[in-house]
Each structure stands twice: as C-alpha cells, then as structure tokens.
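Okay, structure first, notes after.
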Amino acid sequence: MVVEDIKVKETHENGISFPSDKIMLDLRDLKKVYPTPKGDYVVLEHLNLQILKEEFVTIIGHSGCGKTTMLSMIAGLNPISGGNIAVLGNPIKGPGPDRGVIFQSPSLMPWMSALQNVMLGVNRVFPHASKAQRRDIAKYYLHKVGLDGAFDKKANELSQGMQQRVGIARAFAIKPKVLLLDEPFGMLDSLTRGELQDILIEIWNKEKITAVMITHDVDEAIFLADRVIMMTSGPRAKIGDALEINFNRPRTRKEVLEHDDYYKYRKHLIDFLEH
Amino acid sequence: MKQSVTVNKTQDLKLANAAKAGLSKLKIKTPKFDLKTLAKKFAVPFISILLFIGLWHMGARALYNVEADYKIQKALADQGQVAADAMAACIASGDISCQPNTLPSPVQVWESFNTLIADHKVISADKLAFKEKTAALNEKRVAEGKAPITYTGRPSFVDQIFTSLKTVFAGFVLAFLIAVPIGILIGLSETLRNSFNWLIQIFKPVSPVVWLLLVFMIVKTMTKDSNSDSAFIISFISVGLCAMWATLVNTAMGVSSVDKDYINVAKVLKLGPLQKVFKVILPSSLPLIFTGLRITLSVAWMVLIAIELLAQSPGLGSFVWEEFQNGANDSNSKIIVAMFIIGIIGFLLDRIMLTIQNMVSFNKNATT
C-alpha cells in the first residue's frame, strides 16, 4: 500500500461533508482576533470543522498556531470574534458542563480531597440526586482512573500523574456531551503518559463521549483518534488536512504499533508538520 | 572527618533498626539524639542570649559610671569636696536616695520583674479578701436591686497585660470584621477596586495618633450621655482602624489574583456566584488573607501601646507612661520589663496566628 491509498477526507471550507444529524460539534467560519497596539492579530480565520457523535478527534499543529485558542473557544472560555460554534445544532453561549474540559495542568483545588474535587462538578450537574448517589458517581470514576485508595487525599498531596487522573475522573463524572482535552498529558513523563492514555481510552470506550484532544505527540494522536486534524501554522490558522485512522476499537498499543498502516499514518502526519 | 560521618551513619542505621524491631508495636517516635543538631538548636541561641545580656550589662555599667561621675562632679562644683565625698560614698553604698538614674542593668530588671510579680500577688490577695468581705453585702445589694460593690484598687502589672490583650483583641476583631468583607468585595470587582484604591492609599499611611484623635472626636460625642467605658472604646476602635489596612489590601489582592485555572474550572462547572466565592475564591486566597491578618495583629499590638499611652486607657501603654512620669528609682527597670513582656506577647500572638493559618489553609509552607 502506498500513502495515497489511505482514505483522506478533506474538510472543505464551504461545504458540510457529513449528514447534519450525526454532527455533535460544528465550527463554522470561526475567527479569532486579538487586538494589539500594532493592529489586529488574526489567530484563526475561516476555520471549519465538523466533529461527529462518538468520534475521538485529535488535533496537531505547530506550537502557537492557535490550537488552544480554538479549544478554549469551544469550551466557551474565550469569546468568539466571528463565525459560530454549535453543539448538536445549538450555538454555545459561554462555558457549560455539557462541554467538559481536561486542562493541561490538572487544575485541581489543592485544598480539597480527590473526592471533593470530583464532587464539585457532580453536585452541580446532578443536583436532584441524593448525596449518596452523587458520592457513588464520583467514587465510580475515581475507581475507573485507578485511584481507589486516594479518595480522601488532598489534591496537593498527589503526584502530577495522579492529579491528572482526578482531572480525567472529574471531566467524565459530569457526563458531558463533548470532552475537550488540552494537551492533558504534556507535562507527564512518558511512562505515566502511556498509562494515562490507556486509562483515558478505556473509559472513553465505555462512555463514547465525543472527544477533541490537542496533542503535540504524533504517536498519541494516532493511538487515540478516529481522525487526526492538522492545523496550519498561524497567523490565520485553519484546518490544513484531516486523516482518518481506521484501526479497530478497542485498540491495544501493541496492535496499533504492529499494524501495517501505522507508519504510513505517522509519515503522513510528520510530512505535514515538517512542511 | 569522612570516617566519622560514616560511623555515625551506621550507628544511626543500627539504632533505627533496633528501634524498628523493638518499638514497632509501641509506635513511639524514637528521639534522635544527635549532638550536632542539639548544639545547633539550643547551644547557639543560648550563647547569643548570654552575649546579649553581657553586652547590655557592660553598657549599663558604663552609663551608670558616667552618670555617677557627673553627680559627684556636680556636688563638687556646687557644694565642695565634703559633699562630693558624701555623694561618692552614698552611691557606693547603693542607697536608693542617690542612685544615678540611667539604663538599668539586667539584674535590676530581673529584680523589678520579681517586684512586679510580688506586687501582683499582694493585689490579687487583696482582691480576693475584698470579694470575700463584700460577698454577703453584694448579695443583699443585688437582691435589693442595687449595683454590687466592685474592687476599685490599683491594677497590678498582670492586670494591665490582660487589659491590653482585651483591647488588642477587640481591635483585631473589629479590623477583621471590616477588612475581610470589604477586601473580598473589592477583590471581586475591578471597578470597585479602582474606585476605592485612592481611599486605601491615602488612609493606609496615616499615623496611629491621628486615628486616635479622629476616633476621639467621634466617640466623645456619641458616648456623651452613656456611662460606657469611652477610653476603652476609643482605644480599641483606633487600634482596629490603624491595623486593618494590611488585611484589607491582602484580602483584595488574594481574591483578585486567584489562579486562572481555578476560575476556568469554576466557569466550566458553571458554579453559582456564592459557590464560586466560598468553594474556589476564598479557600485559594486564604494564605494571603492570613498573611494580612498576621500583619494586622502585630501592627495592632504595636500601636496599642502608643494609643493607650495617649488615650489614658488602662493597659501596658499607660503602665509604661505612668512609670516614666513617676521617675521612681526602679521606674526605668520596670519600663524595660514592660518592653520585654510586650515583645514576648507580640511574638506569641504571631505564633498563634501562624498555627491557625497552618491549620486552615492548604498552603502548608507558611513560615515566620
């Protein structure tokens, strides 16, 4: 097989390439402008991206191209300068628990225990559940990320990797429609990173929440994604290319690495980044 | 040197193993007996205290001699040789009537301290006797609807300390009640912060004396018809107003500079405004609020002495002032005793605040 044989789906700037009832997240003609003393700085322009229900999308691109800007706009933490973002057809209005975020730093409240950190979101999203039920939800997800013995540990007593596990549990526990991940494993050593990728994909296989994840790591992008989106370098960044990853799920790291297509996918991504 | 270190290490190891084996059930923390740390922890501070007292003693001795020489010379110039000799003899004999009045020596201060304690015991006994004597009478008076008779004798030094502590505590509570809520409000809103900044910047550096006068103007009028203790009210309000600025500024800063990540989490989880304040903003600004409160308490204690001195309100400040005005033979050493007591209490108050801070705040690294 040669590289050209891989099914590459271009996302066109004007057209919608998917049936609308399957689209979870729809970014149309998105634009972001930061005013500076020397005039406006356009970070993103004419950015179109459709993400399907139950799809896991990873986004790669050079540092500073506007990936994080785009993600925080989807999260509602950064105002939109032009175009619009819709979840299930409804334009977003600010941040909300329908879009869970896992930040680059774990961002746990250091004065709370692991359980309290997860409960903070659960209490908010399930106000009518009984206290015991909410506790069970929080405990279930902490168990899922392998933190059984650390429920009552203060967040600042946990290691960086364990803190990020709590971050993952917190994001899944509020049962969002879309999960946004901003280089969640960027600050971890490679061993811990691998562990957390496995945990993330294991929970995701169960919950099938639409996920958008920014990463710098090409292998991570391929291992986790159904589709890898490549962003052009800024300013005026947009979607440059998209690559479908056709490995079966659930995947194991070993299978992926031994698959024939793996190095072709890898080459495609690296060619794009080095271009 | 190297060898001794390794020997020490193996000994430590053996000791630790023995301790583990023997005391594992008892769970007693084995005291680490190490001469070096012991020396560092106790000997060096002890030596520094000795050095301090030695220098003080020598300085006091020198000043004493200067003052004594001057007295003898004066006697010689004014009244002649006989008077000068008499003066020299009188000074040498240690008679109270002719002692040079200067910086007291450590021994004198220690003696004064004992005098003050003895005095306190006498007054306490007096008070107790008074209470016993009037108990029956007071019961009768209360039954008749009259005010009971209270002890109106001179307060002892220890009583003065408690009066001062009461005043500073009241002032601190006042500062806390004003500064923390306002600090939170100002910290939350940038508009408020900008509009109140000038006020804070102008009033922060105002001297305690001026605050006292301002409070005096207001309280004097307001307590005209009541028989409340206006000296106490004036001094504790002044203390509170002088000391609250550090807490106000620190609270506002802590609240306005909460880690952006935490705010983002609160936004994503859509926490309500109250939940945001109480679950995210306040806990995260607690270390800075406490730093402010610690400064406030130490400032309160510091200005208290000056304010008591001026407001004629009882307490350590007025004790110092009265002793200075008194000019008795042991007045100077009593003032030095008060100085040490003030310093030690200030230090203890700060330690208490630090302990509370470490108990309630997530930031366990707060020190000194």
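Just so it is clear, none of the values below were taken in a lab; they were calculated from the coordinates. Everything numeric here is computed off the predicted structure, so don't read it as measured data. For neighbour counting, all protein chains shown are included, and Cβ atoms are generated from backbone atoms with ideal geometry for every residue, glycine included.
Points worth noting:
- Other residues within the sphere of radius under 14 Å centred on the Cβ of B:V337, judged by their own Cβ, net out at -4 (K and R +1, D and E -1).
- Exposure proxy for A:D152, B:D69: other Cβ atoms within 10 Å of each Cβ, ordered fewest to most, give A:D152, B:D69.
- Annotation: cysteines of chain B without a disulfide-compatible partner (Cβ-Cβ under 4.7 angstrom) are B:C242.
- Loop-located trypsin sites (Lys or Arg not before Pro) in region A:64-110 whose Cβ has at most 15 other Cβ within 10 Å (DSSP): A:K93
- J(HN,Hα) series, region A:210-226, from Karplus relation 6.51 cos²θ - 1.76 cosθ + 1.60, nearest Hz, glycine and proline x: 4, 10, 10, 10, 8, 8, 9, 9, 4, 5, 4, 4, 6, 4, 8, 8, 8
- For region B:155-360, the calculated P(r) over all alpha carbon pairs, in 5 Å bins from 0 to the bin holding the longest distance, is 1, 7, 13, 16, 16, 14, 11, 8, 6, 4, 2, 1, 0, 0, 0 percent.
- 3J(HN,Hα) couplings calculated from phi for region B:72-89 with the Karplus curve 6.51 cos²θ - 1.76 cosθ + 1.60 (θ = phi - 60°) are, in sequence order, 5, 4, 5, 4, 4, 5, 7, 10, x, 4, 4, 4, 4, 4, 4, 5, 4, 5 Hz; Gly and Pro show x.
- Ranked by the mean number of other Cβ atoms within 10 Å per residue, highest first, peptides B:231-242, B:130-141, A:209-220 order as B:231-242, A:209-220, B:130-141.
- Mean sequence separation of contacting Cα pairs (under 8 Å, at least six apart), scaled by the length of chain A, corresponds to a relative contact order of 26 percent.
- Taking the charge dipole of region A:160-235 about its Cα centre, with +1 at Lys and Arg Cβ atoms and -1 at Asp and Glu Cβ atoms, the residue from A:H216, A:A169, A:S190 reaching farthest to the positive side is A:A169.
- For a modelled paramagnetic label at B:T355, 7 Å from Cα along Cα-to-Cβ, the residues of region B:168-204 in reach, with backbone nitrogen under 18 Å, are B:169.
- Backbone amide hydrogens, once placed in the peptide plane, bring A:M24 within less than 5 Å of A:I51, A:L52, A:K53, excluding anything fewer than 5 places away on its chain.
- Over 20 Å between alpha carbons, listed pairs A:K31/A:K238; B:K131/B:K166; A:K32/A:K93; A:K131/A:K206; B:K131/B:K334: B:K131/B:K166; A:K131/A:K206; B:K131/B:K334
- Amide hydrogen proximity for B:Y151: with H placed 1.01 Å from N in the peptide plane, no residue at 5 or more positions away or on another chain lies under 5 Å.
- By the count of neighbouring beta-carbon atoms within 10 Å, fewest first, B:V268, B:V210, A:V118 end up ordered B:V210, B:V268, A:V118.
- Net dipole in debye of the protein assembly as shown [+1 Lys, Arg Cβ; -1 Asp, Glu Cβ; about Cα centre; nearest 20]: 1480 debye
- Here chain A has an Rg and Dmax of 18.8, 57 Å, counting Cα atoms alone.
- Taken over the protein assembly as shown, the ratio of Cα radius of gyration to 2.2 N^0.38 Å equals 1.45.
- Nitroxide proxy distance, nm - points 7 Å out along Cα→Cβ at B:F347 and A:R28: 7.3 nm
- Neighbouring partner chain Cβ atoms per residue of A:108-115, average, 10 Å criterion: 4
- Peptide B:266-279 has a mean of 5 when you count, residue by residue, the C-beta atoms of other protein chains within 10 Å of its C-beta.
- Placing unit charges on each Cβ (+1 for Lys and Arg, -1 for Asp and Glu) gives chain B a dipole about its Cα centre, and among B:A306, B:T247, B:L63 the Cα reaching farthest toward its positive end belongs to B:T247.
- Per-residue Cβ neighbour rank within 10 angstrom, fewest leading, A:V228, B:V158: B:V158, A:V228
- Sparsely packed loop sites in region B:141-173 (the chymotrypsin sites (Phe, Trp or Tyr not before Pro) outside DSSP H, G, I, E and B with at most 15 other Cβ atoms within 10 Å) comprise B:Y151.
- Chain B, relative contact order in percent, only Cα pairs under 8 angstrom and at least six apart counted: 17 percent
- Within chain A, percent of DSSP bridges classed antiparallel, to nearest 5: 55 percent
- Database remark: amide H of A:I214 closer than 5 angstrom to the amide H of A:I59, A:L181, A:D182, A:E183 (H placed geometrically; neighbours at sequence offset of 5 or more, or on other chains; Pro and chain starts carry no H).
- Placing a pseudo-label 7 Å from each Cα along the Cα-to-Cβ vector at B:K121 and B:K146 gives an inter-label distance of 3.6 nm.
- Here region B:155-360 is treated with +1 on each Lys and Arg Cβ and -1 on each Asp and Glu Cβ, and its dipole about the Cα centre works out to around 880 debye.
- Inter-label distance for B:Q325 and A:R236, nm, one decimal - labels placed 7 Å from Cα along Cα-to-Cβ: 8.4 nm
- Tail weight of P(r) past 27 Å, computed on alpha-carbon pairs of chain B, percent: 69 percent
- Options A:N205, A:Y263, B:F196, ranked by Cα towards positive dipole end of the protein assembly as shown, top entry (Cβ charges): A:N205
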